[in-house]
Structures are given as structure tokens and as C-alpha cells.
Amino acid sequence: MSILKKRHIETWSIYNAFAMVIAFAIAFFLKKTEPLFVVFTVSIIALVVINRASLFKSKRFFGVANTITLIRYILIILSFQLINSQETFLIYGLTTAVILDFFDGKAARYFNESSFFGQYFDMEIDAFFVLLMCFYYYFFQDISWWILIPGLLRYIYRIYTFCIPRKSKSESKTNYGTIIAASFFVILLLGLITKDSFQTVILAIGSMSIVISFAIGFIQYHK
């Protein structure tokens, strides 16, 4: 992928961060997740349109790995949309989405589809999942305000790097970051089947690990 296209994706991620923070503020005021769904869906469509030339010329339509990531997004949306009618679907749907997160990376390597677009597509779906889960715990599970912090950190970080840019600094996944994120996904799922003080403790531990991970990222950004 050309340097120009990479810059377009990075620029999109910054616009997406601003848009999601605004959407969060509206959703927080309304106590509804719909603003988050609408804004993020429009943003993802914009990302695909920006990269349509390179995405759809592949022999595999959209790519196997990207298709798995897209399925994850659809499962996340459906899970939260059907929560009022069947709460158990939230658990099964989100668990499937988290499991598929393991396979999209495997598919990218197996089919030689690793790309800058795929990296950002996957990261943003992950961030959206975390934001929705934290929003859900705050408004519907009576977890305190601190649960919202890990949900917003990804977007705050992108806005921060935009406001305080550093030359030769680009966003990339790290091994420890991937492990912490995967662990946090599992903790967010466990929170759905636990109650009271145990639920609060495991969510607090997971949230603290994410905060520490991003704190390390901020420090490394300024090295």
C-alpha cells in the first residue's frame, strides 16, 4: 500500500476518533447506544469507500480476513440490538465475535492478506466493541463511571496524537498490547455472567490493565 493511502487511513482514524467522542457524548445524554451504531457504521463505510480500489480488485471479494472482521462487527451490532428481546443472545453473540477476532488475524496470514487497512479495520472494531461494552456496564449494570475510561482511551489516544504530533511515529500493534486487549475482551465477557462484587473486581482489574497499557503507549510515543 502506498504511503499516501496509509496517510488517508491514518487521517480517517483521527476523524473517526473525533466522531466517536461526539457520538459518545450524545449517547451518554440520551442513554442509548443508537448514536454510537449510526456514527461508527457511517465511519466504517467511509473507510471502505476510501480504500475501495485496493479492496475490491482482489480475487477474494473484500478478502477472507476482512470479511471475518466484518462479520464480527455485524454480530456486535445484532447482539446489542436484540438485548431487550433476548439477553442471552448478547452473551453468545459477543462471545462468537471475540472468538472470531482470533481467526481474522490467522486468516490474514494464511491467505497472505495482511494489510494496513486490515490492521486499522480490526483495531477500530475492537475499540468499538470495548466502547459499547463499557457503555453497557455503566448504564445497564450499574458499574461506576470508571468503566467508561477504557472505552474511550483508544479515541482519546488518537486525538492526542493528532493534537501533539511526533515525526516518524506511526501507530502499530505490540505483543503486550495484543495480549492485554485479548484478556480484557475475555474479562468483559465474564462480566456478563458474574454479579455484584465479583463482577466489579474483575472489571476493575481489566480496566486497570488497559489504562496501564495505554499509559505505556503514551510514554513510548514521546520517546
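The values are calculated or read from the model by the stated rules, or taken from the named source; none is laboratory data. Model, not experiment: these values are computed from the prediction. Methodologically, a virtual Cβ is constructed for each residue, glycine included, from the backbone with ideal geometry; neighbour enumeration extends over all protein chains shown. With ligands, DNA and RNA removed, areas are computed over all heavy atoms of the protein, side chains included. Shrake-Rupley method; radii C 1.70, N 1.55, O 1.52, S 1.80 Å.
Summary table
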item: For the chain: lysine pairs under 18 Å (alpha-carbon distance), excluding those fewer than 8 apart on one chain; result: 11
item: Listed candidates (1) 45; (2) 35; (3) 40 - label of the one calculated as percent of Cα pairs over 26 Å apart; result: (2)
item: Exposure rank, largest accessible area first [ASP126, ASP142; 1.4 Å]; result: ASP142, ASP126
item: Probe 1.4 Å, protein heavy atoms only - accessible area per residue of the range 110-206 in square angstrom; result: 49 Å²
item: Helix axis angle, 64-81 relative to the chain longest principal axis, alpha carbon, degrees; result: 30 degrees
item: Rg/Rh (Cα only; Kirkwood hydrodynamic radius) as it applies to the range 106-223; result: 1.00
item: With every protein chain in place, the range 71-223: carbon and sulfur % of accessible area (1.4 Å); result: 66 percent
item: Segment PHE29-GLN81, extension gain: residue separation times 0.36 nm, minus the distance between their alpha carbons; result: 16.8 nm
item: Residue-span extension gain [ILE202 to VAL48] - 0.36 nm each, minus C-alpha spacing; result: 51.8 nm
item: Value at 222 nm in deg cm²/dmol, rounded to 500, when DSSP H runs of n ≥ 4 in the chain each add -39,500 (n - 2.57); result: -26500 deg cm²/dmol
item: Rounded tilt (10° steps) of 196-221 against the dominant C-alpha axis of the chain; result: 30 degrees
item: Overall dimensions of the range 85-139 by Cα: Rg and Dmax, Å; result: 13.6, 41
item: Rg in Å to one decimal, and Dmax rounded to a whole Å, for the range 174-223 via C-alpha atoms; result: 12.6, 42
item: Chain lengthening between TRP145 and GLU10 when straightened (0.36 nm per residue, less Cα-Cα); result: 45.6 nm
item: Candidates ILE164, ILE202, ILE68, ranked by Gaussian network fluctuation over the chain, Cα under 10 Å, top entry; result: ILE164
item: For VAL42, solvent-accessible area (1.4 Å; no DNA, RNA or ligand), Å²; result: 90 Å²
item: FRET efficiency, 1/(1 + (r/R0)^6) with R0 30 Å, evaluated for PHE62 and LEU190 via beta carbons; result: 0.40
item: Solvent-accessible ranking of MET208, MET123, largest area first, probe 1.4 Å; result: MET208, MET123
